[in-house]
């Protein structure tokens, strides 16, 4: 059987040097056939002209404004002709054989909607990267963590996560999905703009009885936080808001009503902690997040309606894939610094 066509979609906003390195690396990919779609989110540094001049064979989508990761990827998906879509950060380079293991696994497993490679740090390739590691988990309160990274704690790659296995979410740093499943889930929610939209997507896949797997034989290297600085207020805001939004909309109503007061209380604990540390970016990001949640009930209601329409299983079928505990408590109180100490492999 011939290989399925893979569409590699790269959302981009400024940084020709970063994109250039990514595209040079993709040229070494040992897989056929694949297409590359660069989605430019209204760059101001001449990126579209540079792509047109240097890579005229690639598809280029020029957006009229910055639609973020979610919006950029959605527009790229609409232009894609492949059966499989890869959403790839522009600040990555890839092992030449990274695509085949991902595509082969989807070929053999029709119940799997999404897969991700092992994501290592570009600058120290013995370490897992912050953005996804070897696949992600989430606790019941909506706080995500990854195999190889819990909060800011990064593990050294010693082969401890080299087994293929199901996970709860796959990193948007390098995420392969079936196009048909991506469309059935409604794509990325553009309300998220950036950060954790891939977690939300994989949660929807679980609600649709689809699986997500980590395939560590495929390897990608990530520079991390090139587009949005790690500790910026905007990043803090998006992370807090988007994870809270998932709790409010992806659970059934009884479980949402149970979890929301606990999550709301933890937001205030995080705010006090940030103020004590004089981390004003974090504090302001949390306040901005809470203000958005309180002033956008119509969006929360709309998301709940969408989740209800695509859901084919109950929460009891999804909860075994969610860590029934608090990663915040485990990390800061119980001092568990590795994901394997929190979730048994």
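The values are calculated or read from the model by the stated rules, or taken from the named source; none is laboratory data. For clarity, every value in this text was computed on a predicted model and none was experimentally measured. Positions of Cβ are generated from backbone atoms using ideal geometry, with glycine treated the same way; all protein chains shown enter the neighbour counts.
Between a residue in the range 263-282 that is more than 22 Å from residue 245 (Cα to Cα) and not assigned by TED's automatic domain parsing to the domain that holds residue 237 and any residue that is modelled with pLDDT under 95 and in a helix (DSSP H, G or I), which pairs come within a Cβ distance under 7 Å, given they are 6 or more apart or on different chains?
Note: no pairs meet the criteria.
From the list 247, 269, 220, pick out the single residue that is surrounded by 20 or more Cβ atoms within 10 Å (Cβ to Cβ) and part of a helix (DSSP H, G or I).
When all the criteria are applied, what remains is 247.
One line per residue, one yes/no per condition, for (1) crowded, with 19+ Cβ neighbours inside 10 Å; (2) touching a helix residue (DSSP H, G or I) at 6+ places or on another chain (Cβ under 8 Å); (3) within 27 Å of residue 267 (Cβ to Cβ):
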{"residue": "158", "(1), (2), (3)": "no, no, no"}
{"residue": "166", "(1), (2), (3)": "no, yes, no"}
{"residue": "172", "(1), (2), (3)": "yes, yes, yes"}
{"residue": "177", "(1), (2), (3)": "yes, yes, no"}
{"residue": "195", "(1), (2), (3)": "yes, yes, yes"}
{"residue": "200", "(1), (2), (3)": "yes, yes, yes"}
{"residue": "203", "(1), (2), (3)": "yes, yes, yes"}
{"residue": "208", "(1), (2), (3)": "no, yes, no"}
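Go through the residues of the range 117-126 one by one and say whether even a single one is within 18 Å of residue 341 (Cα to Cα) and touching a residue at least 24 places away in the same chain (Cβ under 8 Å).
Scanning the range 117-126, I find no residue that is within 18 Å of residue 341 (Cα to Cα) and touching a residue at least 24 places away in the same chain (Cβ under 8 Å), so the answer is no.
Before we move on, is residue 204 out of contact with any strand residue (DSSP E or B) (no Cβ under 6 Å at 6 or more places or on another chain), at pLDDT below 95 and either part of a helix (DSSP H, G or I) or more than 30 Å from residue 279 (Cα to Cα) (or both)?
no
Restricting to the range 99-146, what's the tally of residues that are in a loop (DSSP other than H, G, I, E, B) and either farther than 13 Å from residue 84 by Cβ or within 13 Å of the chain's Cα centre (by Cα) (or both)?
Result for the range 99-146: 17.
Consider residue 231 against the criteria (1) at pLDDT below 95; (2) surrounded by 16 or more Cβ atoms within 10 Å (Cβ to Cβ); (3) farther than 29 Å from residue 96 by Cβ: it satisfies all of them except one. Which criterion is unmet?
(2)
Report yes if some residue within the range 43-63 is outside any helix (DSSP H, G or I) and within 21 Å of the chain's Cα centre (by Cα); otherwise report no.
no
Taking the condition in a helix (DSSP H, G or I) and in the same structural domain as residue 207 (by TED's automatic domain parsing), does residue 76 pass?
Yes: the conditions hold for residue 76.
Evaluate the following for residue 287: is it in a loop (DSSP other than H, G, I, E, B), without any contact (Cβ under 8 Å) to a residue 24 or more places away in the chain and surrounded by fewer than 19 Cβ atoms within 10 Å (Cβ to Cβ)?
No, not satisfied.
Out of the range 147-170, which residues are within 18 Å of the chain's Cα centre (by Cα) and under 12 Å from residue 120 (Cα atoms)?
147, 148, 149, 154, listed by residue number.
Under 8 Å between Cβ atoms, which residue pairs at least 6 apart in sequence (or on different chains) link something in the range 81-102 that is free of Cβ contacts under 8 Å to residues at least 60 places away in the same chain with a partner that is crowded, with 23+ Cβ neighbours inside 10 Å and part of a strand (DSSP E or B)?
Pairs found: none.
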